[in-house]
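The values are calculated or read from the model by the stated rules, or taken from the named source; none is laboratory data. Everything numeric in this text was worked out from a predicted model, so none of it was measured. Here the Cβ is made from the backbone with ideal geometry for all residues, glycine too, and neighbour counts use every protein chain on show. Surface accessibility is based on the protein's heavy atoms, side chains included, excluding ligands, DNA and RNA. Shrake-Rupley method; radii C 1.70, N 1.55, O 1.52, S 1.80 Å.
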Amino acid sequence: MLKRLDELEREGQRELAEARDEEALQAWKVKYLGRSAELGRVLDGLRSVSKEERPALGKRSNEVKRAFETALEARLGSLASARLEHELQRERIDVTLPGRPLFRGRLHPATQTLRQILAIWAEMGFQVYRSRDVETDAYNFELLNMPAHHPARDMWDTFYTTTPGVVLRTHTSPGQIHVMRERAPEPIRVVLPGMCYRYEQVTARAEIQFNQIEGLAVGRNITFGDLKGTLTAFARRYFGHDVRTRFRAAHFPFTEPSAEMDIECFVCSGTGCPVCKHTGWLEILGSGMVHPTVLANGGYDPEEFSGFAFGMGSERISMLKHRIEDIRAFWANDLRFLEQF
Ligand code: DAH
């Protein structure tokens, strides 16, 4: 019996040394230390052994058992540290490798232009006022001195909604009425940015939606000279201090008199080229003295108050400044275009 225990110990240790992974160690444990292991049977059989043999045999089997346990413990430990070592090697990162560049976000060029233009007006004391995109026929046309069937309405190709009398605003001018009705009889100096919609053929010059910036000043002594001076000051701040400007007589139903403002063509410096259609000038906005009817519709007595107004297309202005040839580039979402700004 003692001899068998010696043999068993040798066999066990040899097989343990050969076990290569955790699974093999588990199998080894079952075989040598499990319920039905040979060692267990020896211990169970001690009762049937003679009293003289029993102590030595018991002592020896316990020794073998403890030796097995210690050896297994050690093997498990070294296997675990080998695995850890392996993981650490595998997951090693080279901190000296160059990083992957991150895409940097940026504001859309239309937003950038809007903000630049609004910042200039804010500096000149104009408050930014936001008005709605969906308007009633009354605000978009009638209160701006264009009754139903007035031929001037043809200047704007309108998107009508299924609700009678409700349209998508064709310009930011209806905001003038909203501000006046809120503020009357206080003096006003505001700019109203916003998206406008027109049922138009989309071309390099015209989109069905675009941003406009409307301006409105109402007070007791506002003159056409104020209009010219203020708009010229704006053009100098936005396009550069030596930009030349001119005003041309025009017609809008909501202003009287009305004028369009041009800046000198920066491509040919006024000598004439395809960009300015050989006129030497580029139109940037419509403007005029607020029509007495419009003042009255806003709640201001035209005998006491006067004002000027203007409206400019901010994408158009951005096109002039950055020499963008096609207005469709703004909403085409082509990154090659957008990333230039
Ligand atoms: N609302 C006009 C348009 O969309 C632009 C405009 C012209 C606005 C003259 C004005 C103005 O305030 O006084 O074509």
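Computed over protein heavy atoms with a 1.4 angstrom probe, the accessible surface ordering of LEU33, LEU72, largest first, is LEU33, LEU72. Applying the criteria of a DSSP loop state and at most 14 other Cβ atoms within 10 Å to the trypsin sites (Lys or Arg not before Pro) of region 51-150 yields LYS51, ARG92, ARG104, ARG106, ARG130, ARG132. Listed by chain and number, the lysines whose C-alpha is less than 27 Å from the C-alpha of LYS59, apart from same-chain residues fewer than 8 away, are LYS3, LYS29, LYS31, LYS51. In angstrom, the C-alpha Rg and Dmax of region 2-90 are 15.8, 59.
With pairing defined as another cysteine C-beta under 4.7 Å, the cysteines of the chain that fail it are CYS196. For region 186-202, backbone phi angles converted through the Karplus equation (6.51, -1.76, 1.60; θ = phi - 60°) give residue-by-residue couplings of 6, x, 10, 9, 9, 10, 10, x, x, 7, 10, 10, 9, 7, 10, 5, 7 Hz, Gly and Pro being listed as x. Packing, as the average of other Cβ atoms within 10 Å across residues, places the peptides 262-268, 34-40 in the order 262-268, 34-40, highest first. Which shape class, rounded, prolate or oblate, goes with region 33-79 when its Cα gyration tensor gives a ≥ b ≥ c as root eigenvalues, a/c under 1.5 marks rounded, and past that a/b bigger than b/c marks prolate? The shape class here is oblate. Protein heavy-atom accessible surface, 1.4 Å probe, per residue over the chain: 58 Å². Excluding same-chain neighbours fewer than eight residues apart, the lysines reachable from LYS277 by a Cα-Cα span under 29 Å are LYS228, LYS321. Working note: Karplus 6.51/-1.76/1.60 with θ = phi - 60° gives region 242-254 the couplings 9, 5, 8, 10, 8, 10, 10, 4, 9, 9, 9, x, 9 Hz, where Gly and Pro are set to x.
Between the amide H of HIS171 and those of TYR197, distances stay under 5 Å, these residues lying 5 or more places away or on another chain, with hydrogens modeled in the peptide plane. Heavy-atom surface analysis with a 1.4 Å probe gives the chain a carbon and sulfur content of 52 percent of its accessible area.
Shown in residue order for region 112-127 are the 3J(HN,Hα) couplings computed by the Karplus curve 6.51 cos²θ - 1.76 cosθ + 1.60 at θ = phi - 60°: 4, 4, 3, 5, 5, 5, 5, 5, 5, 5, 4, 4, 8, x, 9, 7 Hz (x for Gly and Pro). Kirkwood radius for the chain, taken over all pairs of different Cα atoms as the inverse mean of 1/r, rounds to 27.0 Å. Rounded, prolate or oblate, given the Cα gyration tensor of region 157-201, with a/c below 1.5 counting as rounded? Because a/c hits 1.5 or more and a/b fails to exceed b/c, region 157-201 counts as oblate. The accessible-area ordering, largest first, of the residues GLU303, GLU182, GLU63 stands as GLU303, GLU182, GLU63, per a 1.4 angstrom probe.
The H on the amide N of LEU285, modeled in the peptide plane, is under 5 Å from the matching H of MET261, each at least 5 residues off or on a different chain.
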